[in-house]
Amino acid sequence: MAPAWLTVLSWAALTVAFLCAAWIVYDARVAGWRQRMAVMEWVWPVTALYAGPLAVWAYLRWGRASTARAAEANGGKMPGKPFWASVAVGVTHCGAGCTLGDIIAETGVFLLGWELFGEHLYAEFFWSYVLALALGVVFQYFAIAPMRDLGVAEGLWEALKADVLSLTAFEVGLFGWMAVMRFALFPADPLRPDSAAFWFLMAVGMCIGYLTSYPMNWWLIRRGVKEAM
């Protein structure tokens, strides 16, 4: 079981994260800051689920800059941003697919009691990667295909090339942290998805995954495999 202080901290952090995600949805869809790239209206709130206020800060600085309203205020031109910031926004695509894939996988493995090699964690690794890759390719497709004016087949292939290495780098960080959670922090009584502490620590792992994915995204964008955001 998680100690009481961790449970309290987890509920507080998760509440803040959900409020941040809800505010971004409101700002984009109700307040009128509609994203030029529609898929980003999913990516930004999903990012807030693990990054909380940091995601709001990034959204206010770079998300709103990618809107028609921002272009109007800038004389009809889309405000630019430095390359490092384009990479940072690009990583959110990968992070969104991983986040949704992991939420579905962790919940499903827990509810169905699945194991791999006698261990829940390995089943979580397998299904998290499969679902994260599928969702990540979808997110990449709706970013790359419109920007390059590609058909479905070609767009999916380009999305797959852009996402596999990026997503794998993200999962390396996340899975490493999940192993620490399982074998170092809570070896005798592993945390499960029915506890707030589990999801709070998973959010920490997703932040770590973001950091491990950043250098790979930098390289992919420099090589032209992935679009700069």
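The values are calculated or read from the model by the stated rules, or taken from the named source; none is laboratory data. Being a predicted model, the structure only gives us computed values, none of them experimental. Here the Cβ positions follow ideal geometry from the backbone for every residue, glycine too, while neighbour counts run over all protein chains shown.
Assess whether Ser213 counts as being under 13 Å from the mean Cα position of the chain (by Cα) and farther than 30 Å from Leu6 by Cβ. When the stated conditions are applied, Ser213 does not pass them. For the stretch 55-81, which positions are modelled with pLDDT of 90 or more and either in contact with a Ser or Thr (Cβ under 6 Å, 6 or more places away or on another chain) or not in a helix (DSSP H, G or I) (or both)? If the condition is that a residue be modelled with pLDDT of 90 or more and either in contact with a Ser or Thr (Cβ under 6 Å, 6 or more places away or on another chain) or not in a helix (DSSP H, G or I) (or both), then Ala55 is the only one that fits.
In the condition set (1) assigned to a helix (DSSP H, G or I); (2) out of contact with any Ser or Thr (no Cβ under 9 Å at 6 or more places or on another chain), Ser10 is compliant with all but (2).
Looking only at residues in the stretch 42-71 that are within 10 Å of the chain's Cα centre (by Cα) and without any contact (Cβ under 8 Å) to a residue 40 or more places away in the chain, the one that is nearest to Ala13 (Cα to Cα) is Ala48. Flag not set for Leu165, criterion: surrounded by 15 or more Cβ atoms within 10 Å (Cβ to Cβ), in contact with a Cys (Cβ under 8 Å, 6 or more places away or on another chain), part of a helix (DSSP H, G or I) and of a type in the set (A, V, I, L, M, F, W, C). When Phe125 is tested against the conditions (1) out of contact with any Ser or Thr (no Cβ under 6 Å at 6 or more places or on another chain); (2) in a loop (DSSP other than H, G, I, E, B); (3) at pLDDT 90 or above; (4) not basic (Lys, Arg), the lone failure is (2). Restricting attention to the stretch 28-54, the residues that are in a helix (DSSP H, G or I) and either buried (at least 21 other Cβ atoms within 10 Å of the Cβ) or modelled with pLDDT of 95 or more (or both) total 13.
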